[in-house]
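The values are calculated or read from the model by the stated rules, or taken from the named source; none is laboratory data. The structure displayed is predicted, hence computed values, not measured ones. With ideal geometry, Cβ positions are generated from the backbone for all residues, glycine too; neighbour counts draw on all protein chains shown.
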Amino acid sequence: MTAIGFLYPGYSAEDEYPRIEQLLGSDIRLQLVHTDIGEDAHRVDALLEMGSAERLAAGVEELRLSGAEAVVWACTSGSFVFGWDGAHEQVRKLAMAAGMPASSTSFAFAHAVQELGVRRLAVAATYPEDVAGLFADFLKAAGAEVLSVRGSGIITAAEVGTWGRDEVFALARAADHPQADAVLMPDTALHTAAHLREVEQELGKPLLTANQVTVWEGLRLADRRVNAPQLGALFTREPVVQVRD
């Protein structure tokens, strides 16, 4: 049995984790602990407070008692908003508090991009444009080339959590760039697990989404490799074949 712990901010798309757990197999357990988000706002000051060491440390003891082998801070905006160096410090403090390997969704994206060997990226964000731009800056610091960035102007995770298939498809299509090797959707409040393969097949390229890469990162920390085709190219490393009408 492999147990991975996740610190998830508030309540919006937490049901992605039991869905993904079912797709991974019976010997993997994804343990979720909710953190207090304070103000629900995709705004820099609110995000810095959401990702503070004190808020993350508050959920660590419950994860330790659950038997988790590694922990991931399941929040993209609440990690990249600290910048490349600040996000490293955030993860370092989390690992020290938890006494286990730690990472965050922002680093999960960086590592997933490296895993797939994709360098030219299109960002399809639910965030306001300024926050989406900070994610692009983080990816550039990781060595990627960001060809396009599209923000959606949504302030709260609660609103993002109401989005369904149609909104996910529309955002992916609108944000894609013809020369991009992959499309990234950086918000753990967004429901995407049920649509990954379908969107990839329409785009003809890998789709990396926040909860997908977060789970993959936790498994990477635990040295587990899982083949799960429903979770997209990241979990198969097979080429994406575009489906045409």
Note on segment 218-229: residues surrounded by fewer than 24 Cβ atoms within 10 Å (Cβ to Cβ) and either closer than 17 Å to Leu184 by Cα or of a type in the set (Gly, Ala, Ser) (or both) are Ala222, Ala228
Checking Met185 against (1) among the aliphatic types (A, V, I, L, M); (2) more than 17 Å from the chain's Cα centre (by Cα); (3) surrounded by 19 or more Cβ atoms within 10 Å (Cβ to Cβ), which single condition isn't satisfied?
(2)
What number goes with the only condition from (1) over 21 Å from Gly83 (Cα atoms); (2) surrounded by fewer than 20 Cβ atoms within 10 Å (Cβ to Cβ) that Gly143 does not pass?
(1)
Quick check on segment 14-35. Is at least one of its residues in a strand (DSSP E or B), of a type in the set (Val, Ile, Thr), closer than 21 Å to Ala158 by Cβ and in contact with a strand residue (DSSP E or B) (Cβ under 7 Å, 6 or more places away or on another chain)?
yes
Are any residues in segment 220-239 under 17 Å from the mean Cα position of the chain (by Cα) and assigned to a helix (DSSP H, G or I), and if so, which ones?
Arg220, Leu221, Gln230, Leu231, Ala233, Leu234, Phe235
Flag if Leu208 is within 18 Å of Ala13 (Cα to Cα) and either part of a loop (DSSP other than H, G, I, E, B) or without any contact (Cβ under 8 Å) to a residue 12 or more places away in the chain (or both)
no
Could you check how many residues of segment 56-67 are surrounded by fewer than 18 Cβ atoms within 10 Å (Cβ to Cβ) and part of a loop (DSSP other than H, G, I, E, B)?
2
Can you confirm whether segment 62-77 contains a residue that is of a type in the set (D, E, K, R), under 26 Å from Leu139 (Cα atoms) and more than 16 Å from the chain's Cα centre (by Cα)?
no
So which pairs qualify, if the first residue must be in segment 27-41 and under 16 Å from Ser77 (Cβ atoms) and surrounded by fewer than 20 Cβ atoms within 10 Å (Cβ to Cβ), the second must be among the hydroxyl-bearing types (Ser, Thr, Tyr) and at pLDDT 90 or above, the Cβ gap must be under 6 Å, and the two must be at least 6 apart or on different chains?
Asp40/Thr156
Residue identified as over 28 Å from Pro128 (Cβ atoms), surrounded by fewer than 22 Cβ atoms within 10 Å (Cβ to Cβ), in contact (Cβ under 8 Å) with a residue 12 or more places away in the chain and of a type in the set (A, V, I, L, M, F, W, C) among Ala53, Ala70, Ala3:
Ala3
Which one is surrounded by the most Cβ atoms within 10 Å (Cβ to Cβ) among residues in segment 94-120 that are over 27 Å from Asp40 (Cβ atoms) and among the aliphatic types (A, V, I, L, M)?
Val113
Residues in segment 84-119 that are farther than 16 Å from Leu234 by Cα and in contact with a His (Cβ under 9 Å, 6 or more places away or on another chain): how many?
1
